[in-house]
Amino acid sequence: MEAPPTKRMRVIGFLLLLGVAGFEWVDGAGECGRNSPDSQALKLIPCASAARDGNAVPSGSCCAQLKLLGQNPSCLCAVMLSNTAKSSGVKPEVAITIPKRCSLADRPVGYKCGAYTLP
């Protein structure tokens with residue numbers, strides 16, 4: 001089954017944005033250390049459908065990547081609220097629920113992420 005053209009264009013746009021973001025390296029460390037939140041978003045591509053649909057079950061690879069990223073809540077937050085994530089159709093109010101949907105026991109419950117709070 002082939003993906004609809006709109007979905008393919010979003011994925012292509014997402015990847016292009018990640019490529020462009022890669023040229024804007026900064027020497028200082030930010031929320032995600034020396035990596036930009038936009039470059040870290042690439043690691044969460046397996047979470048794309050779960051970040052747009054609150055009823056979608058996150059994949060095992062999504063949860064595994066999220067567990068690694070969740071060890072740094074400020075980075076996880078920055079990735080979920082990044083321009084790359086938003087331009088890819090990620091809904092922050094849905095994305096913020098993925099750690100709970102992955103049943104991550106050590107998720108940062110109550111962590112304030114912009115206007116959202118991790119459940």
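List of remarks:
- Projected label points at Asp53 and Lys112, each 7 Å from Cα along the beta carbon direction, are separated by 3.4 nanometres.
- Extension gain for Lys100-Arg34 works out to 21.1 nm (0.36 nm per residue, less the C-alpha to C-alpha distance).
- Sequence of Val79, Val57 from largest to smallest accessible area, 1.4 Å probe: Val57, Val79
- Cross-link partners of Lys100 among lysines, defined as those whose alpha carbon lies under 18 angstrom from its own and excluding same-chain residues fewer than eight positions apart: Lys67, Lys91, Lys112.
The values are calculated or read from the model by the stated rules, or taken from the named source; none is laboratory data. From a predicted model like this one, the values you see are computed outputs, not experimental measurements. Ideal geometry is used to build each Cβ from the backbone, glycine not excepted, and the neighbour counts take in all protein chains shown. Only protein heavy atoms, including side chains, enter the accessible area calculation; ligands, DNA and RNA are left aside. Shrake-Rupley method; radii C 1.70, N 1.55, O 1.52, S 1.80 Å.
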